[in-house]
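Q: I am attaching a structure below and will ask some questions about it afterwards.
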Amino acid sequence: MNIATPAQSSAAEPAPIQNFTLANAFVSTIGSHDEVFDFRAISDVRSDIPAIPFRGTLADCWRSIIFYNNQQYGIFVVISELDGQGRDLMNVSRVRAHFVDLDNVSAMQNLQRAASWYPAPAFAVQSSAGKAHVYWPVQPYCNNDRFTLNQRKFAQFFDGDKSIVDATRLMRLPGTYHQKGEPQLVTWSPLPGYGQRYDVTVLEAALATVNVVESYSDRHNLGDPDQAAPSLDWLRYALAHIDPNKLVRSDWISFMAAFKQAGWNHADEATLFGMWSEWCAQYAADDPAENRKQWQSIRETQVGWGSILRRIPAVGGQYLLAGRTVAPQAIVPQGAPAPADPGTAHPSPPAPPGMDCSGEMLTDIEQRQWFAGCTFVTSECKIHTPHGEMMNEKTFNAVYGNKKFIYDEQASVTQNAWAAATNSTLWTIPKVFGTRFLPDRAHGEVITDDMGLTYVNVYRPANIKCEPGDVTRLLSFLEKLLPDPNDRQLLIQFIAHNVKYPGHKIPWAPVIQSTEGVGKNIIKHILQYTMGRRYFYSPKASDLLSSGAKFNAWLQNKLLILVDEIKVDDKRELVEVLKPLISEAEGEVQAKGQDQREADTPANWVFFTNHKDAVPVEKNGRRYAIFYSAIQSHDDLKSRGMDDAYFHEFYRWLGWRVHETGLKAIAYYLLNYPVERGAIPMRAPNTTSTDEAIRVSRGPIEQAILEAVEQERPGFRGGWVSRTMAKKLFKRDYSPQAITKCLQNLGYTKIGRATMPYFQEDNERPELFHVNRRETCSNYAAAQGYQ
């Protein structure tokens, strides 16, 4: 009995606790607890560390098993019984069990299928999540080829790992830890056939109808013509279609053997190994020394070009499409001269297709290029394309079709682009829950929220054409509109900030008032051009007023909203409805017939009107910056030379949807305007129009109070206002809160309640307000003449 001697080590972390009961149940079911087994410790974290073999009963070896497992070695056991003289096929004394490794996406379904099959398996071993090894213990027998044939049938029938066919195969030992990643205990659990030990003929009878497609028992010397690729170019093509980061170690070694065999007669060994090493360099943990070590160990193989075609369906499909229209060339082993027989020369094999998506059929690698930038949005069942469109299946097939797409491991082909992009088993476009509109993030970027839901950013920067030019005409127009230079600068700064930093939320909106025919469309065209037509929207003011902005799905994916001819009148509640839309970068949106939902609303707002009282503003308001134009009549237009000829020439210079000369110059001017991101007031700035706007915005309560103050009525003298006396001004029963708010808008501060009741005020102790916040209630009665 050989037991490896553990070296001294220091434990940095508490070691996992192995489970002897699970390990003992395993060995007792395939043999007996006192049988000798061949164990091997193989590092789960480093490929350059040699494996450590040891042999004995489970009890004898348990101390070594624990030690090496705690050093991040995986613990494996040979299922068959060996003679103790070596670990090759010639050393197999007898077969103890048949088994299948279920390791693909349908592993758990195949486990259930196996459990309900007859003959039923005895137990299953789970080495990692979603994978299982299923075992059928048998009456011991010795015949390696028989074992291999049965193993191939098991793998075929239960869709298992087809490389698990060798009688010397190592499998993980239950009760120990699998430590590729987070440590996971390898478990053992009984199945319906527990306690059964079948005669192998029973298994063979159940598998009699299973046909296997590839022989694994025959090994081929390097240079076997039947295993060769058609050319070195086809091998390069195969390497381009497989990612080493997606292969487990056993698959990597198998693929290496197939590659070496398939290319052996097409290049010298140094060239082949150079190609292989270059491909391996893509692996995140590439180890050149291990690459060479494994390469040099391969002298004969069971696999070749056929195995590569099956492993990479995209290559297999293209190879079939290319057609084997020529006879295969005679392949001469390396070092031997080619026979000179011109009379029997054959044409060259077909070359692999290019990788530029120009061919009729696209592999999964080419599909990554063909569908690049496309993302499936599950909440809308549409695909977002790199051009910014949201396409349904019919539109997507029309735009991205006209190709054949390989979509599964059997190299099946479809002409349905939607199916290839979303349902292929080889590769699919990214899939997200919904969309975001974030101009400060890259187009197509996938964002994950705090609930783990993913979204694709659908904002795509507009391609705004601009060039240096003379914008004196624009500046002169703005000077006629707003003669005050500070007002003019505020408006230009607002527009320039929107153009330079799209999507940066400015929590206030300019309201530009003037007479009719002043040329507000000039500003509208400029905003539409410089923000991008698809990101500009102008809802009808009448629709806003009638619906109260309830159905506002048009807010989505917009950067600027311009409302023309706004006038609130008695619908002052609309001002409150608009406040969050103007100030918040996210909010509720709703389309007719649909539920409300949260969406990005980074759009900034501009209002045009012909009425000075169109939008009510208050002294402490911060949402609306009022710009009253100096042009308030037709005579004002005439005096400034703004006649039909003036505007005709202006629009001709702009070149709206024609040459766009003026618009390009204005775009250049705004994109280079000296304003930094965020260097703009975060509340509506005061303008030369603010005070007048506050006056014309006063409602009936404020106007009545000011009139009472002007007339020095009792309760309104000496800077005082009694809320009781203010309420008596109206036939309508206004609430105390409404009157209080109006008094605050007029600059009054609440002082407190009077110290005593007054018969002049219905024997009440009125709530008192004063323009001086330091005033005291004791001075009220004398100021009103009550004493």
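The values are calculated or read from the model by the stated rules, or taken from the named source; none is laboratory data. It should be emphasised that the depicted structure is a prediction, and the values quoted were computed from it without experimental measurement. Note that each Cβ is placed from the backbone with ideal geometry, even for glycine, and that neighbours are counted across all protein chains shown.
Q: Restricting attention to segment 1-25, which residues are modelled with pLDDT of 90 or more and either in contact with a Gly (Cβ under 7 Å, 6 or more places away or on another chain) or of a type in the set (Ser, Thr, Tyr) (or both)? Steps first, answer last, please.
A: If we filter segment 1-25 for residues that are modelled with pLDDT of 90 or more, which is where we start, we get 18-25.
If the condition is that a residue be modelled with pLDDT of 90 or more and either in contact with a Gly (Cβ under 7 Å, 6 or more places away or on another chain) or of a type in the set (Ser, Thr, Tyr) (or both), then GLN18, ASN19, PHE20, THR21, LEU22, ALA23 are the ones that fit.
Q: Another question, if that's okay. Any residue in segment 702-714 that is in a helix (DSSP H, G or I) sitting within a Cβ distance under 7 Å of a residue that is surrounded by fewer than 16 Cβ atoms within 10 Å (Cβ to Cβ) and hydrophobic (A, V, I, L, M, F, W, C)? List the pairs, counting only those 6 or more apart or interchain.
A: What qualifies is ALA704/PHE730.
Q: Additional query: Looking at segment 428-449, can you tell me whether even one residue there is without any contact (Cβ under 8 Å) to a residue 12 or more places away in the chain, more than 30 Å from GLU360 (Cα to Cα), in the same structural domain as ARG368 (by the TED database) and part of a loop (DSSP other than H, G, I, E, B)? Outline the logic, then answer.
A: Taking segment 428-449 first, the residues without any contact (Cβ under 8 Å) to a residue 12 or more places away in the chain are 447-449.
If we keep only those that are more than 30 Å from GLU360 (Cα to Cα) as well, we get 447-449.
Keeping just the survivors that are in the same structural domain as ARG368 (by the TED database) gives 447-449.
Next, only the ones that are part of a loop (DSSP other than H, G, I, E, B) stay: 449.
Yes, segment 428-449 contains at least one residue that is without any contact (Cβ under 8 Å) to a residue 12 or more places away in the chain, more than 30 Å from GLU360 (Cα to Cα), in the same structural domain as ARG368 (by the TED database) and part of a loop (DSSP other than H, G, I, E, B).
Q: Next question, about the same structure. Check segment 407-415 and report whether any residue there is β-branched (Val, Ile, Thr), closer than 30 Å to ARG652 by Cα and out of contact with any Ser or Thr (no Cβ under 8 Å at 6 or more places or on another chain).
A: Residues of segment 407-415 that are β-branched (Val, Ile, Thr), as a first pass: 413-414.
Still in the running and closer than 30 Å to ARG652 by Cα: none.
Taking every residue of segment 407-415 in turn, none turns out to be β-branched (Val, Ile, Thr), closer than 30 Å to ARG652 by Cα and out of contact with any Ser or Thr (no Cβ under 8 Å at 6 or more places or on another chain).
Q: Taking the stated definitions as given, is VAL675 more than 14 Å from ILE522 (Cβ to Cβ), of a type in the set (Val, Ile, Thr) and in contact with a strand residue (DSSP E or B) (Cβ under 7 Å, 6 or more places away or on another chain)?
A: Values: more than 14 Å from ILE522 (Cβ to Cβ): yes; of a type in the set (Val, Ile, Thr): yes; in contact with a strand residue (DSSP E or B) (Cβ under 7 Å, 6 or more places away or on another chain): no.
So VAL675 fails the test.
Q: Could you tell me whether any residue of segment 765-773 is in a helix (DSSP H, G or I) and over 24 Å from ARG695 (Cβ atoms)? Before the answer, list the steps.
A: From segment 765-773, those in a helix (DSSP H, G or I) are none; that's our starting set.
The answer is no; no qualifying residue exists.
Q: Related question: Out of curiosity, is VAL456 of a type outside the set (Lys, Arg) and in contact with an Asp or Glu (Cβ under 9 Å, 6 or more places away or on another chain)? First the steps, then the outcome.
A: Working: of a type outside the set (Lys, Arg): yes; in contact with an Asp or Glu (Cβ under 9 Å, 6 or more places away or on another chain): yes.
Answer is yes for this residue.
Q: Sort out which residues of segment 270-306 are of a type in the set (Gly, Ala, Ser), assigned to a helix (DSSP H, G or I) and modelled with pLDDT under 90, and write them in order of number. Even if it seems obvious, please write down each step before you answer.
A: At the first step, the residues of segment 270-306 found to be of a type in the set (Gly, Ala, Ser) are 270, 274, 277, 281, 284-285, 289, 297, 304, 306.
Restricting the remaining residues to those that are assigned to a helix (DSSP H, G or I) gives 270, 274, 277, 289, 297, 306.
ALA289, SER297, GLY306 - these are the residues of segment 270-306 that are of a type in the set (Gly, Ala, Ser), assigned to a helix (DSSP H, G or I) and modelled with pLDDT under 90.
Q: Kindly evaluate ILE701 against the criterion of being crowded, with 19+ Cβ neighbours inside 10 Å, under 23 Å from PRO616 (Cα atoms) and either in contact with a Phe, Trp or Tyr (Cβ under 8 Å, 6 or more places away or on another chain) or not polar (S, T, N, Q) (or both).
A: So ILE701 passes the test.
Q: Filter segment 108-122 down to the residues that are hydrophobic (A, V, I, L, M, F, W, C) and either part of a helix (DSSP H, G or I) or exposed (fewer than 14 other Cβ atoms within 10 Å of the Cβ) (or both) and list them by number.
A: Step one: filter segment 108-122 for residues hydrophobic (A, V, I, L, M, F, W, C), giving 108, 111, 114-115, 117, 120, 122.
Matches in segment 108-122: MET108, LEU111, ALA114, ALA115.
Q: Let me ask you something else. For VAL105, indicate whether it is assigned to a strand (DSSP E or B) and in the same structural domain as LEU191 (by the TED database). Before you say what the answer is, go through the steps one by one.
A: On the way: assigned to a strand (DSSP E or B): no; in the same structural domain as LEU191 (by the TED database): yes.
Criteria not met by VAL105.
Q: Yes or no: HIS659 assigned by the TED database to the domain that holds PRO507, under 51 Å from the mean Cα position of the chain (by Cα), at pLDDT 95 or above and closer than 22 Å to GLY469 by Cβ?
A: no
Q: Among the residues of segment 69-81, what is the count of those that are closer than 29 Å to ALA115 by Cα and either assigned to a strand (DSSP E or B) or of a type outside the set (A, V, I, L, M, F, W, C) (or both)? Walk me through how you get there before you give the answer.
A: Going through segment 69-81, the residues closer than 29 Å to ALA115 by Cα turn out to be 74-81.
If we keep only those that are either assigned to a strand (DSSP E or B) or of a type outside the set (A, V, I, L, M, F, W, C) (or both) too, we end up with 74-78, 80-81.
Final tally of qualifying residues: 7.
Q: Turning to a different aspect of this structure: For residues that are assigned to a strand (DSSP E or B) and not hydroxyl-bearing (Ser, Thr, Tyr), scanning just segment 161-208, find the one that is nearest to the chain's Cα centre (by Cα).
A: From segment 161-208, those assigned to a strand (DSSP E or B) are 170-172, 177-178, 184-185, 187-190, 198; that's our starting set.
Next, only the ones that are not hydroxyl-bearing (Ser, Thr, Tyr) stay: 170-172, 178, 184-185, 188, 190.
Details: LEU170: 40, MET171: 38, ARG172: 37, HIS178: 31, GLN184: 29, LEU185: 33, TRP188: 38, PRO190: 42 Å.
Result: GLN184.
Q: Collect the residues in segment 367-395 that are among the hydrophobic types (A, V, I, L, M, F, W, C), touching a residue at least 60 places away in the same chain (Cβ under 8 Å) and closer than 17 Å to THR425 by Cα, keeping them in residue-number order.
A: Quick first cut of segment 367-395, residues among the hydrophobic types (A, V, I, L, M, F, W, C) only: 370-372, 374, 376-377, 381, 383, 390-391.
Still in the running and touching a residue at least 60 places away in the same chain (Cβ under 8 Å): 377, 390.
The answer is none; no residue qualifies.
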